Amino acid sequence: MRFTAITLTKDELDQRDAVRAFLAEELASGGYQPGLGVNAGHSPEFSRKLAAKGWIGMSIPPEYGGHGRGPVERFIVVEELLAAGAPVLAHWVADRQTAPALLAYGTPAQRRHFLPAIAAGECFFSVGMSEPDSGSDLASVRTRATQVDGGWRVSGTKIWTSGAHVNDFAVMLCRTSPLVDDRHVGLSQLIVDLRGQGVTINPITFLDGSHHFNEVVFDDAFVPDEMVLGEIGAGWRQVTSELSYERAGPDRYLTTWQLLETYAAERGAAAAAQAEQIGRLAARCWSIRQLSLSVARIISEGGAPAVEAALVKDLGTVYEQEVVTVLQSLLDEDPDPGSSSLFERLLAQALVISPSFTIRGGTTEVLRSVAARSLRSSR
Amino acid sequence: MTAEEDRLLEQTLTKVFEEHSAPADRRRAETEGWAPECWASLVNSGLAWIGVPESAGGSGGDFLDARTLVRTAARHAVPLPLAECVLLGGWLVASAGLRLPDGPVSVPLPHAADTLRLADGRLTGTLHRVPWGSRVNAIAAVAQSSDGDRVVLVEPAEAVIRPGRNVAGEPRDEVRLESVLVPAERTGPVAVGLREELAVRGALSRAILMAGAMDAVMTMTVAYSGQRHQFGRPIGSFQAVAQRLVRLASEAEAGYLAAEVAARHFTEAGTGAAFQVAMAKATACRTASEVITQAHQIHGAIGMTQEYPLHDFTRRLLSWRQEWGAERHWATVAGAELTAGPGAGLWPRITTDLVAR
């Protein structure tokens, strides 16, 4: 394991300037209200504006409607969007997770069908991994697909399926052959039409009253053979590599960045009086960002920085919570969720939802267990 | 310097330090104050003055060469003022157009009560914390005079020295000067912005030292957690210990990379990298605290003995954390800059990156 200092190219810096200019304009014209990282909002309209700029599907090759950019260029764009609190949720999973999975494991037909639509901001995906009895222990999933003529019949229940009520498809992990001693055998990934027959979507209301999560119930839903992602039986390997892509990105430390920005912007003199605290929080973000950028560079050079990514996710998500705790400790008043101050509204929301930062995308405890094994075996 | 050259330099240095800064050498140095054989070996190999301009008598090279020397030395807890020689003192001497002394040079740590005045060619004042003040051949410092600031080189023999130490047992001596005559060849002009650059270099020197020490602690602790068995298995296989191990590793990596990024910014931009150095020193202070806590907890009782070398690193980290500005200082400096006046927000400042040429 060795993180390295990253240099950016002139092109990458130009790209950043373009995103900054676009976001400043959108903000000024009321195109969006800043929010908290990927929680900022689901806006297909905003996603399509980004797509028109070429900022979705950046890693997709041009032959599939994308832009053939590397992980570092994508990083530069995505961190700007997240730091500014722009609504990226609609295309988030499709762009970050589904597109790379399709490129790695999809058939040519699947790529031709889905990738151009993803890059255009016209096709949105959810992730179907967790189940009522399978959280961190993902290999215990029980949703079952049985082979029938021309495809698979799926029965079972997925939960925490973010955006299933508004997205188009879900890439779902399920069991395609009976359970054997090695639970990692016999799992597969299927692409499921969320509007299809036999698919029922029920809301799981979040503790702040918002609706992002769902329970998705499959009752003998049909998935044609063409919608199998990758190899039947290789689901575990595919899913674990997919998870490592998602771990170390800017979304793991920038969720609460807008809190710091709005605090400094709204409370000028009071914020200046807290220079030490602002400096500490800024330094932490700065240092985690260097690590995350380094992971993006390792991926762009063909590496598989699984441990590095786990460390960044751990540091980043704990930091996001620290921002909330520290900023609240600087206030005398209790933030009102309906306040006219954006800072107060965001803080009120962050206070309630911040425990989720170290749970989603792999709990801190599981990440640390996995990372520790690799650390010890590498020495 | 290419990455390959850097790796070779690190290998060469590692050999020297493995030979001359083994735990037994470090124990002896703690009594005697330093490790002169190690210095002699560096001089013989032409490695003692890496990164110091040839004009001053150094061996040339850039800041990153010097960084490699200092970081590698910290990995071996080398009891010598190498950061003072190649990152601070050598630069001060060269910038004032002076010549390096015949042996190591030190630079006083900033201290609120320090005074140093040059009047009629004579130097008077007290420097409260001078690393290896009584061992080095010269102390390079900035003195006030009626014609403005001057860089001066003082020999310890000319001073009254009250020995002091940091918690790692490294000399941090008080140096008192009473009307000491400074010949012309040992004083030179102060370039514009020199005091500011000295503060930035000082902070960066500690961040780089801390990067090396944290790296050593991480390597050592990961290894120990695999070797030490309790209840019939390696302690690192217990979840509670494994969690600590990962916290240690992530903090050590964060501190290491922060110093590396700041060193590169400094190489490109000098004091233009003051913000990155502030970030890096604040980061090093914070990460070191976590690294020390976790490493000691994982090592258990053995880590609390003098025999086991963990303390060679953790005690140095404790000291370096405070020297040249603690976390509070640099966080405040950075925070003040970030919150000064209405601007474009904090984000653009945080994301000033190194640009490929």
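Read-outs: derived from the displayed coordinates by stated rules, not from any lab. Just so we're clear, the structure is a prediction, and the values are computed from it rather than from any experiment. Cβ atoms come from the backbone with ideal geometry, glycine included; neighbour counts cover every protein chain shown.
Quickly estimate the mean residue ellipticity at 222 nm for the protein assembly as shown, helices only: each DSSP H run with n ≥ 4 gives -39500 (n - 2.57), and the total goes over all residues, rounded to 500.
Roughly -15500 deg cm²/dmol at 222 nm, from the helical runs in the protein assembly as shown.
Run the dipole for chain B about the Cα centre, Lys and Arg Cβ at +1, Asp and Glu Cβ at -1, nothing else charged, and hand back the magnitude in debye, nearest 20.
It comes to approximately 980 debye.
Consider all pairwise Cα distances in the protein assembly as shown and report the whole-number % of them above 45 Å.
The calculated P(r) of the protein assembly as shown puts 30 percent of pairs beyond 45 Å.
What FRET efficiency, computed as 1/(1 + (r/R0)^6) with R0 = 22 Å and r the Cβ-Cβ distance, is obtained for A:THR107 and A:GLN197, rounded to the nearest 0.05?
My answer for the efficiency is 0.40.
Using the number of other C-beta atoms within 10 angstrom as an exposure proxy, rank A:TYR319, A:TYR253 with the fewest first.
Fewest to most other Cβ atoms nearby, the residues stand as A:TYR319, A:TYR253.
With +1 on the Cβ of every Lys and Arg and -1 on the Cβ of every Asp and Glu, and nothing else charged, how large is the dipole of the stretch A:220-379 about its Cα centre, in debye rounded to the nearest 20?
Magnitude of the dipole: close to 840 debye.
How far, in degrees from 0 to 90, does helix A:342-353 lean away from the longest principal axis of the Cα atoms of chain A, to the nearest 10?
Taking Cα atoms only, the helix is inclined about 40 degrees.
Among the lysines, which have Cα under 25 Å from the Cα of A:LYS53 when same-chain residues fewer than 8 positions away are ignored?
A:LYS10
If you average the alpha carbon positions of the stretch B:280-335 and of the stretch B:41-73, how far apart do those two centres end up, in angstrom?
26 Å
For peptide A:8-17, compute the average count of partner chain beta-carbon atoms within 10 Å of each residue's beta-carbon.
2
Taking each residue in A:262-274, count the Cβ atoms of any other chain within 10 Å of its Cβ, then average. What number comes out?
Other-chain Cβ atoms within 10 Å of each residue's Cβ, averaged: 3.
Mean separation of Cα pairs under 8 Å and 6+ residues apart, divided by the residue count of chain B: what relative contact order is that in percent?
Answer for chain B is 14 percent.
Just check the stretch A:124-216 against the gyration tensor rule for me: Cα atoms, a ≥ b ≥ c as the square roots of the eigenvalues, rounded for a/c under 1.5, and otherwise prolate or oblate depending on whether a/b exceeds b/c.
Oblate, since a/c reaches 1.5 and b/c is not below a/b.
Over all directions, average the projected area of the Cα convex hull of the stretch B:46-126 and note it in nm².
Projected area, direction-averaged: 6.4 nm².
Which order results if A:ASP251, B:ASP114, A:ASP225 are arranged by neighbouring Cβ count within 10 Å, fewest first?
Going from sparsest to densest Cβ surroundings: A:ASP225, B:ASP114, A:ASP251.
Between 0 and 90 degrees, rounded to the nearest ten: what's the tilt of helix A:108-119 against the longest Cα principal axis of chain A?
Orientation of helix A:108-119: about 20 degrees from the principal axis.
Which is farthest toward the positive dipole end of the stretch B:100-175 among B:VAL105, B:GLY133, B:VAL167, measuring Cα position about the Cα centre, with Cβ charges +1 (Lys, Arg) and -1 (Asp, Glu)?
B:VAL167
Where does each of A:THR143, A:THR317 land when they are ranked from fewest to most other beta-carbon atoms within 10 angstrom?
Ordered from fewest to most neighbouring Cβ atoms within 10 Å, A:THR143, A:THR317 come out as A:THR143, A:THR317.
Starting from the amide H of A:ALA221, placed 1.01 Å from N in the peptide plane, find each other amide H under 5 Å away whose residue is 5 or more places distant or on another chain.
Those lying under 5 Å, H to H, from A:ALA221 are A:VAL154.
Run the dipole for the protein assembly as shown about the Cα centre, Lys and Arg Cβ at +1, Asp and Glu Cβ at -1, nothing else charged, and hand back the magnitude in debye, nearest 20.
1100 debye
Does anyone have the angle between helix A:10-28 and the longest principal axis of chain A? Alpha-carbon axes, 0 to 90°, nearest 10?
Taking Cα atoms only, the helix is inclined about 80 degrees.
How long are the semi-axes of the equivalent ellipsoid of chain A, taking √(5λ) for every eigenvalue λ of the Cα gyration tensor, in whole Å from largest down?
Over the Cα atoms of chain A, the semi-axes work out to 34, 22, 22 Å.
How large is the direction-averaged shadow of the alpha-carbon convex hull of chain B, in nm²?
Hull-based average projected area comes out at 19.5 nm².
Which whole number gives the average count of other chain Cβ atoms within 10 Å of the Cβ atoms across peptide B:276-285?
Across B:276-285, the average partner-chain Cβ count within 10 Å equals 4.
Please list, ordered by chain and number, the residues whose modelled amide H lies under 5 Å from the amide H of B:ARG172; skip anything fewer than 5 residues away on the same chain.
Here the answer is B:TRP132, B:GLY164, B:ARG165, B:ASN166, since their amide H atoms fall under 5 Å of that of B:ARG172.
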